[in-house]
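A.B. asks: Below is a structure I'd like to ask you about.
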Amino acid sequence: MTHQRSKFRMACAAAAILAGSAVSAADCPEGFPGKTVNFWVGYGAGGGTDLISRTLASIIEEKEGWTISVANKPGAGSSVMMTQLAASPPDGLTVGITSTGAVSKVPNRNPDSPYSIGDFTYLGTAQLTPVSVTTLTDKPFDNYEEMIAYAKKNGSMTISTATSDANIFFDEISEREGVRIILVPNKGTAESLQQILGGHVDAALLGSGHVQHLKSGKMIQIFTMGDRPAPFAPDAPSSKDLGYDFIGAVSYVLVAAPDGLEPAVQTCLEQVLDEAVNSEEFAKVQATYDQQALNLGAKETTALLEREFAKFKDYYNTEK
């Protein structure tokens with residue numbers, strides 16, 4: 001009986017250790033951070049990136065016992081914040097949260113950009129933001145093959161988009177399929193929805209602003225840009241499924257720090273981020289907004305940004 005009690009106590013102790021590890025498994029230097037950690041958001045208050053940043057901050061504060069201050073620093077496609085981040089001390093106390101395009105696209109669009117891809121340490125991502133080609137259900141096509149057939153029959157088709165460099169991808173479709181795709185620029189999701197719902201365009205390139213219309217049956221998703229389906233339209237193929245390698249077509253919420261972090265501090269921040277992104281709390285918030293929590297990890301995030309940066313550098317240099 002004594003031996004059984006001993007084994008039971010050992011099992012309970014082991015379970016307690018494992019439970020503690022599940023709560024906080026980050027390997028951080030002793031005493032770190034010791035001060036308030038600053039989360040700088042590259043966009044305005046109330047937006048999607050702001051919500052993600054504040055949710056992550058709250059989760060980390062609860063799990064790690066840190067104090068985190070969240071500050072919005074919007075402007076110029078997040079370059080205002082990224083410029084300040086690049087000039088900050090690499091002590092692990094300042095973290096920037098933005099989109100991958102702020103690194104891969106913005107510096108290439110602006111030849112006078114005060115920062116570039118090598119000015120940061122990339123800790124990982126927090127969310128994949130799907131971008132999809134959608135149309136009304138009363139259009140005479142509801143999949144990619146039918147859409148191309150429609151464009152050929154009519155001589156062209158129109159797609160509403162707020163993405164300034166979308167033609168880099170649709171030109172590839174046009175060339176491969178032998179169709180003419182006319183991109184109709186707009187200022188954002190609201191205008192895209194007005195154009196597609198009003199019947200002014202054949203389709204629209206949208207993030208998640210159309211999900212309610214998918215659920216109501218008013219709209220259908222033709223395909224999702226990138227290498228995976230959208231969580232709110234799992235039956236719609238990805239552009240990779242269709243045979244396209246659209247590097248830089250989708251956006252991730254990016255978490256970065258100034259270049260030059262000490263390895264131990266970098267490891268700590270990477271692990272703390274990963275725990276928060278993969279937590280149940282974060283998943284619930286993401287599901288509420290029809291989004292997908294996804295951390296690519298530091299290595300894969302850095303590799304992705306390098307590929308995208310090279311792609312857009314070539315694109316903007318060629319465009320000039």
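A.B. asks: Looking only at the range 245-264, decide whether some residue is in a helix (DSSP H, G or I) and either among the hydrophobic types (A, V, I, L, M, F, W, C) or touching a strand residue (DSSP E or B) at 6+ places or on another chain (Cβ under 8 Å) (or both).
C.D. replies: Among the residues of the range 245-264, at least one is in a helix (DSSP H, G or I) and either among the hydrophobic types (A, V, I, L, M, F, W, C) or touching a strand residue (DSSP E or B) at 6+ places or on another chain (Cβ under 8 Å) (or both), which makes the answer yes.
A.B. asks: Further question on the same structure: If you scan the range 296-320, which residues turn out to be of a type in the set (D, E, K, R) and assigned to a loop (DSSP other than H, G, I, E, B)?
C.D. replies: The answer is 320, and nothing else.
A.B. asks: Considering only residues of the range 114-132 that are among the aromatic types (Phe, Trp, Tyr) and either outside any loop (DSSP other than H, G, I, E, B) or loosely packed, with under 15 Cβ neighbours inside 10 Å (or both), which is farthest from the chain's Cα centre (by Cα)?
C.D. replies: 120
A.B. asks: Within the range 265-295, work out how many residues are surrounded by fewer than 21 Cβ atoms within 10 Å (Cβ to Cβ), touching a strand residue (DSSP E or B) at 6+ places or on another chain (Cβ under 9 Å) and part of a loop (DSSP other than H, G, I, E, B).
C.D. replies: 4
A.B. asks: Right, something else. For residue 246, state whether it is touching a Phe, Trp or Tyr at 6+ places or on another chain (Cβ under 7 Å), among the aromatic types (Phe, Trp, Tyr) and either open to solvent by 10 Å² or more (accessible area, probe 1.4 Å) or under 26 Å from residue 310 (Cβ atoms) (or both).
C.D. replies: yes
A.B. asks: Does residue 165 count as open to solvent by less than 30 Å² (accessible area, probe 1.4 Å) and part of a loop (DSSP other than H, G, I, E, B)?
C.D. replies: yes
A.B. asks: If residue 239 meets every condition in (1) under 27 Å from residue 81 (Cα atoms); (2) touching a helix residue (DSSP H, G or I) at 6+ places or on another chain (Cβ under 8 Å); (3) not β-branched (Val, Ile, Thr) apart from one, which number is that one?
C.D. replies: Only one criterion in (1) under 27 Å from residue 81 (Cα atoms); (2) touching a helix residue (DSSP H, G or I) at 6+ places or on another chain (Cβ under 8 Å); (3) not β-branched (Val, Ile, Thr) is unmet by residue 239, namely (1).
A.B. asks: Which one of 33, 111, 89 is without any contact (Cβ under 8 Å) to a residue 24 or more places away in the chain and open to solvent by 10 Å² or more (accessible area, probe 1.4 Å)?
C.D. replies: Of the residues listed, the single one that is without any contact (Cβ under 8 Å) to a residue 24 or more places away in the chain and open to solvent by 10 Å² or more (accessible area, probe 1.4 Å) is 111.
A.B. asks: In the range 133-158, which residue that is more than 22 Å from residue 215 (Cβ to Cβ) and of a type in the set (A, V, I, L, M, F, W, C) is surrounded by the most Cβ atoms within 10 Å (Cβ to Cβ)?
C.D. replies: 151
The values are calculated or read from the model by the stated rules, or taken from the named source; none is laboratory data. Given the structure is predicted, the values throughout are model-derived calculations rather than measurements. No Cβ is skipped: glycine too gets one built from the backbone with ideal geometry, and neighbour counts run over all protein chains shown. Calculation scope for accessible area: heavy atoms of the full protein, side chains included, ligands and nucleic acids excluded. Shrake-Rupley method; radii C 1.70, N 1.55, O 1.52, S 1.80 Å.
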